[in-house]
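**Student:** Below you'll find the structure I mean.
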Amino acid sequence: MATPSTAPEVMFSLLGAAHALEDRIEQQLGQVGLSMSKLGVLTQLVEAGEPLALSELAARLSCVRSNMTQLVDRLEADGLVRRVDDPADRRSVLAAVTRLGEERQVAGAHELAKVREEFTAALPVADRVALARALAALGKG
C-alpha cells in the first residue's frame with residue numbers, strides 16, 4: 001500500500017484505520033457478549049461503586065438519555081444491570097450493575113487489553129510516539 005501524501009489521502013487513511021480498530025475492538029468484545037457501548041456503561045457502574053441515574057450515565061458517556069435508556073434496557077435483558085429505585089427521588093430510577101455484569105466487565109476489559117497489546121506490538125515505539133503527537137495536534141484544530 002502506498003503511503004498517503006495529500007491531506008485528503010491522510011484523512012481517509014486515518015478514518016480507515018479508526019474504523020478497522022473499532023471493528024477489531026467490537027469483534028473482540030463480542031467474544032464475551034459485549035459491545036463498546038455496553039462495556040462503557042458497565043465500566044462506569046463498576047468504577048462508581050454504586051448505582052447511577054441514567055442521566056448521569058448518559059452525561060459520563062456523552063450520549064443522549066434516550067440512547068442510554070435503550071442501552072440499559074439491553075443490559076438489563078442480558079442480566080448485566082438492574083434498575084433500582086432512587087432512595088433520594090422516588091420519581092427517578094438508577095442502574096445497578098449485577099454480579100454477572102461485574103464479571104462481564106472484567107472479561108471485557110481483558111479483551112480490550114488484548115487489542116491494546118496487538119496495537120502496541122504492531123507499531124514500534126517511535127511510530128506510537130509520532131502518532132500520539134500527530135493525533136494531539138489534530139485534536140487542537
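Just so you know, all these numbers are worked out from the coordinates, no wet-lab data involved. Computed from a predicted structure; not experimentally measured. Cβ coordinates were reconstructed from backbone atoms using ideal geometry, including for glycine residues, and neighbour counts include every protein chain displayed.
**Student:** Kindly establish whether GLU56 is of a type in the set (D, E, K, R) and exposed (fewer than 15 other Cβ atoms within 10 Å of the Cβ).
**Tutor:** no
**Student:** Check off (1) surrounded by 15 or more Cβ atoms within 10 Å (Cβ to Cβ); (2) of a type outside the set (Phe, Trp, Tyr); (3) under 17 Å from the mean Cα position of the chain (by Cα) for LEU21 and give me the number that stays unchecked.
**Tutor:** (1)
**Student:** Right, something else. State whether one or more residues within region 36-52 are polar (S, T, N, Q), surrounded by 12 or more Cβ atoms within 10 Å (Cβ to Cβ), closer than 25 Å to ARG116 by Cβ and touching a residue at least 40 places away in the same chain (Cβ under 8 Å).
**Tutor:** Let us first name the residues in region 36-52 that are polar (S, T, N, Q), namely 37, 43-44.
Of the ones still in play, those that are also surrounded by 12 or more Cβ atoms within 10 Å (Cβ to Cβ) are 37, 43-44.
Within this subset, residues satisfying the condition of being closer than 25 Å to ARG116 by Cβ are 37, 43-44.
Restricting the remaining residues to those that are touching a residue at least 40 places away in the same chain (Cβ under 8 Å) gives 43.
Scanning region 36-52, I find at least one residue that is polar (S, T, N, Q), surrounded by 12 or more Cβ atoms within 10 Å (Cβ to Cβ), closer than 25 Å to ARG116 by Cβ and touching a residue at least 40 places away in the same chain (Cβ under 8 Å), so the answer is yes.
**Student:** Need at least 2 residues that are of a type in the set (Asp, Glu) per element, so show me which helices (runs of 4 or more DSSP H) inside region 12-91 make the cut, counting only ones lying wholly within it.
**Tutor:** On the way: elements: 36-48, 54-60, 65-77.
Per the criteria, 65-77.
A quick yes/no check of all residues on (1) hydrophobic (A, V, I, L, M, F, W, C); (2) farther than 30 Å from ARG128 by Cβ:
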site: GLU47; (1), (2): no, no
site: GLU56; (1), (2): no, yes
site: GLU76; (1), (2): no, yes
site: LEU94; (1), (2): yes, yes
site: ARG116; (1), (2): no, no
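**Student:** Could you check, for region 102-117, whether at least one of its residues is under 21 Å from the mean Cα position of the chain (by Cα), part of a strand (DSSP E or B) and surrounded by 10 or more Cβ atoms within 10 Å (Cβ to Cβ)?
**Tutor:** The answer is no; no qualifying residue exists.
**Student:** Further, regarding this structure: Are any residues in region 118-141 surrounded by 12 or more Cβ atoms within 10 Å (Cβ to Cβ), assigned to a helix (DSSP H, G or I) and without any contact (Cβ under 8 Å) to a residue 60 or more places away in the chain, and if so, which ones? Outline the logic, then answer.
**Tutor:** First pass over region 118-141, keeping only residues surrounded by 12 or more Cβ atoms within 10 Å (Cβ to Cβ): 118-119, 123, 128, 130-131, 134.
Now drop any that are not assigned to a helix (DSSP H, G or I), which leaves 118-119, 128, 130-131, 134.
If the condition is that a residue be surrounded by 12 or more Cβ atoms within 10 Å (Cβ to Cβ), assigned to a helix (DSSP H, G or I) and without any contact (Cβ under 8 Å) to a residue 60 or more places away in the chain, then ARG128, ALA130, LEU131, ALA134 are the ones that fit.
**Student:** Any chance region 82-97 includes a residue that's closer than 14 Å to VAL32 by Cβ, of a type in the set (Val, Ile, Thr) and within 18 Å of the chain's Cα centre (by Cα)?
**Tutor:** Checking region 82-97: not a single residue is closer than 14 Å to VAL32 by Cβ, of a type in the set (Val, Ile, Thr) and within 18 Å of the chain's Cα centre (by Cα).
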